[in-house]
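First comes the structure, then the notes that go with it.
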Amino acid sequence: MSEPEFPVQNIPRTLREVDQWLCWKIVVEIDQKTGERKERKVPIHPRSGLQASVTDPSARTSFDTAFALYQSRNDLTGVGFVFTPDDPYAGVDLDHCLDAEGGFIWGREIVAGLNTYSEISPSGRGIKLFLKARKPDHANCRKDGFGPDGKGKVEVYDRARFFTVTAQRLDAYSPDVEAKQSDIEQICEWLWPKTGASPDKQRASRQASGTDHDVRYQACLKALLAMNVTDHNDGSHRLYVACCRCVEHDLRDADAIHCIRDYAAARPFPVTWSDPQIVTRLRDAEKKCDRNAAFASDAKSKVDAEEDVTLQVQSVDALLDNFPVLREPIIEGLLRVGETMNVIAPPKLGKSWLVTDLAIAVATGRQWLDTYQTHQGNVLLLDNELHAETSANRIPKVARARQLTMSVIGQTMFVDNQRGRLRDINRLEAYFEKLKPGFFKIIILDAFYRFLPKDTDENSNGNLTDIYNQIDQYAADLNCSFVLVHHASKGNQSGKSVTDVGAGAGSQSRATDTHMVLRHHQEPGCVVVDAAVRSWPPIEPKCLRWEFPVWLSDDLLDPTELKTERPARRSRPEVDPKEKWTPEMFAKRFVTEKPQRMTLVRNAASSAGVPFRIIKELQAHAEEQELIFRWKFGANKPVSLATEPQPVEEA
């Protein structure tokens, strides 16, 4: 939005001079139960440009800094003002109170009664008011049911919340932020009459906690993320336990709702819960839990919904009811959320280029290796072999090879070159604790062997199992998946099964969810990629050809033709230079109606004096013209060729 479209001068100077500004953007979410499309306003750190928490002081900055970032990035929707416990400001939000022409449907008396700086919300259908006041302790945050259709609502906040700011001021009311303590108390008493626990009792509870708002909020969020509670269909049980934690940390309704929203961003519920539904569960939790119990040394929660040590035994019926679907995929056919994947290849085969290509694929949501569809998300590459300058040189080369501009991955792919300041897998715990759960979809460790703790025996099944257990815990805490890049053992790998490829103990292939290996093909500069997968059907092995700086799919090669230790030499007859081969001649002479292994067909053509390069071209053209057809008999089975198409099996 340009300066004329965003009249900065309308925003009261008292707000612009306070360093409580950030940016925001709209993120679209789909209710998994109803399919309803819902837009969520996500706060963005004005310095890092990443998703922020409104309770994080470092995420707030000056108006000029936030506005400058907003103007420089097309993906940002606007700027916002953060309410904190330490400032004198509060906000009132009237939703669905204006019609399409900007006329009042309801709420005119509220705006006129407060008579403070008021502006139209981004949707054009609501009004936000800024005032100097403290929200009464007994008040909740939201009241629904206003307007002729009952869709209108009133929200009141004075902390742990940000208001979007449009500067589209309502000229009929005061241009300044006015002091309105008595008015806000009257409005809150009208919206939420004093019933139940008295304000004095609530205030005493907060004073007894001996902690400020931000400490309680962060402690509660940490407790929520540490929960290990099973969902029951719609996740209502987990929501109830989350509400219990909020009560035990003595969070007000507004703070509790916001804390549960932050938690749900990292650990989504099966369905989307509305604010009134969360408030209802908070009232249920108050019947069973003591406020401030989390900070009282002698207090013990009365609810046993979650214990430090609890049996997870459940009947098969309950298991199927609680887990009706598999985890969400990240790489179709290979990897799901919370899983780990090994990528194993011989030394100096281009593994780092391969995983850079993988990182870019996930960061953009495109296919990896022209085969495996990815689901877009942020990627973190922890590289302990390359210097930062080398990564900065390589990443643009891979992007250009995939016909991508750097702008499409500039804010979705992240790199930390740890060479020279290496942390082993155990010391990474403190590192990962600083990452926001759910922000990264995949974390890549390249190379895995350099993350192993000192004195770890790579050939010890016990040592490797402990390492993988630790990585599983990291994946659960961060709600992401891990990709581990490792080298193959010395010697020829063609005679080994997929799970036996990889230097070290055999437990590394059993402890992971996907064990992907690359082995040399007979054709120079080519490899065969195969994988053992846990939560997917078996994959078809495929061939890749190295075309600097990426691996490209080559469907003309037979994946069963792995490079052997001593490839047999074949004598070739003299080639008649006058004989020119055509796809028709190739199909008629070497392919029969009965399917034959592609290797045998190519060997026959080679024995007849056809150069191998021409054989592949002839086969490709013959397939394009439907003179010959491929027959496949399942994963890990050789491909065959025939002049008749393969029958389609009925389901």
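Identify all residues within segment 230-260 that are assigned to a loop (DSSP other than H, G, I, E, B) and hydrophobic (A, V, I, L, M, F, W, C); write none if there are none. Write out each step before concluding.
Going through segment 230-260, the residues assigned to a loop (DSSP other than H, G, I, E, B) turn out to be 230-235, 249-252.
Hit for segment 230-260 is LEU251, nothing else.
If a residue must be over 26 Å from VAL528 (Cβ atoms), of a type in the set (S, T, N, Q) and open to solvent by 10 Å² or more (accessible area, probe 1.4 Å), how many such residues does segment 372-390 contain?
Total meeting the criteria: 3.
Within segment 106-125, take every residue that is farther than 23 Å from THR14 by Cα and buried (at least 18 other Cβ atoms within 10 Å of the Cβ) and give me the one that is modelled with the lowest pLDDT. Break it down into steps so the answer makes sense when it comes.
Quick first cut of segment 106-125, residues farther than 23 Å from THR14 by Cα only: 106-109, 123-125.
Subsequent filtering for residues that are buried (at least 18 other Cβ atoms within 10 Å of the Cβ) retains 107, 125.
On the way: GLY107: 91, ARG125: 94.
Looking at residues that are farther than 23 Å from THR14 by Cα and buried (at least 18 other Cβ atoms within 10 Å of the Cβ), I get GLY107.
Listed residues ARG450, ARG419; which is open to solvent by 30 Å² or more (accessible area, probe 1.4 Å), in a helix (DSSP H, G or I) and either without any contact (Cβ under 8 Å) to a residue 40 or more places away in the chain or not hydrophobic (A, V, I, L, M, F, W, C) (or both)? Before the answer, list the steps.
On the way: ARG419 fails: in a helix (DSSP H, G or I).
Being open to solvent by 30 Å² or more (accessible area, probe 1.4 Å), in a helix (DSSP H, G or I) and either without any contact (Cβ under 8 Å) to a residue 40 or more places away in the chain or not hydrophobic (A, V, I, L, M, F, W, C) (or both) holds for just one of ARG450, ARG419, which is ARG450.
Do you know which residues across segment 636-651 are open to solvent by 70 Å² or more (accessible area, probe 1.4 Å), at pLDDT 70 or above and aliphatic (A, V, I, L, M)?
Residue satisfying the conditions is VAL648 alone.
Looking at HIS138, is it open to solvent by 40 Å² or more (accessible area, probe 1.4 Å) and either closer than 25 Å to ASP255 by Cα or at pLDDT 95 or above (or both)? Write out each step before concluding.
Details: open to solvent by 40 Å² or more (accessible area, probe 1.4 Å): no; either closer than 25 Å to ASP255 by Cα or at pLDDT 95 or above (or both): yes.
So HIS138 does not fit the description; no.
Working carefully through the options LYS441, LYS397, find the one that is within 23 Å of the chain's Cα centre (by Cα) and open to solvent by 40 Å² or more (accessible area, probe 1.4 Å).
Details: LYS397 fails: within 23 Å of the chain's Cα centre (by Cα).
LYS441 is the lone residue from the list that is within 23 Å of the chain's Cα centre (by Cα) and open to solvent by 40 Å² or more (accessible area, probe 1.4 Å).
Answer yes if at least one residue in segment 484-498 is out of contact with any helix residue (DSSP H, G or I) (no Cβ under 7 Å at 6 or more places or on another chain), open to solvent by 40 Å² or more (accessible area, probe 1.4 Å), charged (D, E, K, R) and assigned to a helix (DSSP H, G or I), and no otherwise.
For segment 484-498, residues out of contact with any helix residue (DSSP H, G or I) (no Cβ under 7 Å at 6 or more places or on another chain), open to solvent by 40 Å² or more (accessible area, probe 1.4 Å), charged (D, E, K, R) and assigned to a helix (DSSP H, G or I): absent.
Checking ALA52 against (1) more than 29 Å from GLN218 (Cα to Cα); (2) under 17 Å from the mean Cα position of the chain (by Cα), which single condition isn't satisfied?
All conditions pass for ALA52, except number (1).
Among the listed residues ALA392, ALA388, identify the single one that is in contact with a strand residue (DSSP E or B) (Cβ under 9 Å, 6 or more places away or on another chain), more than 26 Å from ALA266 (Cα to Cα) and free of Cβ contacts under 8 Å to residues at least 12 places away in the same chain.
ALA392
With the requirement that a residue be polar (S, T, N, Q) and out of contact with any strand residue (DSSP E or B) (no Cβ under 6 Å at 6 or more places or on another chain), what does segment 149-189 give you?
Step one: filter segment 149-189 for residues polar (S, T, N, Q), giving 164, 166, 168, 174, 181-182, 186.
Answer for segment 149-189, where residues must be polar (S, T, N, Q) and out of contact with any strand residue (DSSP E or B) (no Cβ under 6 Å at 6 or more places or on another chain): SER174, GLN181, SER182, GLN186.
How many residues are at pLDDT 85 or above, assigned to a helix (DSSP H, G or I) and under 15 Å from ILE30 (Cα atoms) when one looks only at segment 262-279?
1
If you check VAL325 against the conditions, is it under 21 Å from the mean Cα position of the chain (by Cα), modelled with pLDDT under 90 and open to solvent by 70 Å² or more (accessible area, probe 1.4 Å)?
yes
Out of the residues in segment 508-531 meeting the condition of being surrounded by 20 or more Cβ atoms within 10 Å (Cβ to Cβ) and among the small types (Gly, Ala, Ser), tell me which one is farthest from VAL343 (Cα to Cα).
Here the answer is ALA511.
State whether one or more residues within segment 291-313 are at pLDDT 85 or above, surrounded by fewer than 16 Cβ atoms within 10 Å (Cβ to Cβ) and not aromatic (Phe, Trp, Tyr).
No, the conditions are met nowhere in segment 291-313.
State all residues of segment 499-510 that are at pLDDT 75 or above and either of a type in the set (A, V, I, L, M, F, W, C) or not in a loop (DSSP other than H, G, I, E, B) (or both); if no residue qualifies, say none.
Here is the first cut: in segment 499-510, the ones at pLDDT 75 or above are 499-502, 506-510.
Residues satisfying the conditions are THR499, ASP500, VAL501, SER507, GLN508, SER509, ARG510.
Which one is nearest to ILE187 (Cα to Cα) among residues in segment 62-78 that are surrounded by 20 or more Cβ atoms within 10 Å (Cβ to Cβ) and over 24 Å from the mean Cα position of the chain (by Cα)?
PHE63
Would you check if there is a residue in segment 167-189 being more than 39 Å from the chain's Cα centre (by Cα), of a type in the set (Asp, Glu), surrounded by fewer than 17 Cβ atoms within 10 Å (Cβ to Cβ) and at pLDDT below 90?
Among the residues of segment 167-189, at least one is more than 39 Å from the chain's Cα centre (by Cα), of a type in the set (Asp, Glu), surrounded by fewer than 17 Cβ atoms within 10 Å (Cβ to Cβ) and at pLDDT below 90, which makes the answer yes.
Go through the residues of segment 351-371 one by one and say whether even a single one is of a type in the set (Asp, Glu), assigned to a loop (DSSP other than H, G, I, E, B), farther than 18 Å from ALA531 by Cα and open to solvent by 30 Å² or more (accessible area, probe 1.4 Å). Please lay out each step first, then the result.
Step one: of segment 351-371, the residues of a type in the set (Asp, Glu) are 357, 370.
Subsequent filtering for residues that are assigned to a loop (DSSP other than H, G, I, E, B) retains 370.
Filter once more, keeping what is farther than 18 Å from ALA531 by Cα: none.
No, that holds for no residue.
The values are calculated or read from the model by the stated rules, or taken from the named source; none is laboratory data. The structure displayed is predicted, hence computed values, not measured ones. Here Cβ is always computed from backbone atoms with ideal geometry, including for glycine, and neighbour counts include all displayed protein chains. Heavy atoms of the whole protein, side chains included, go into the accessibility calculation; ligands, DNA and RNA do not. Shrake-Rupley method; radii C 1.70, N 1.55, O 1.52, S 1.80 Å.
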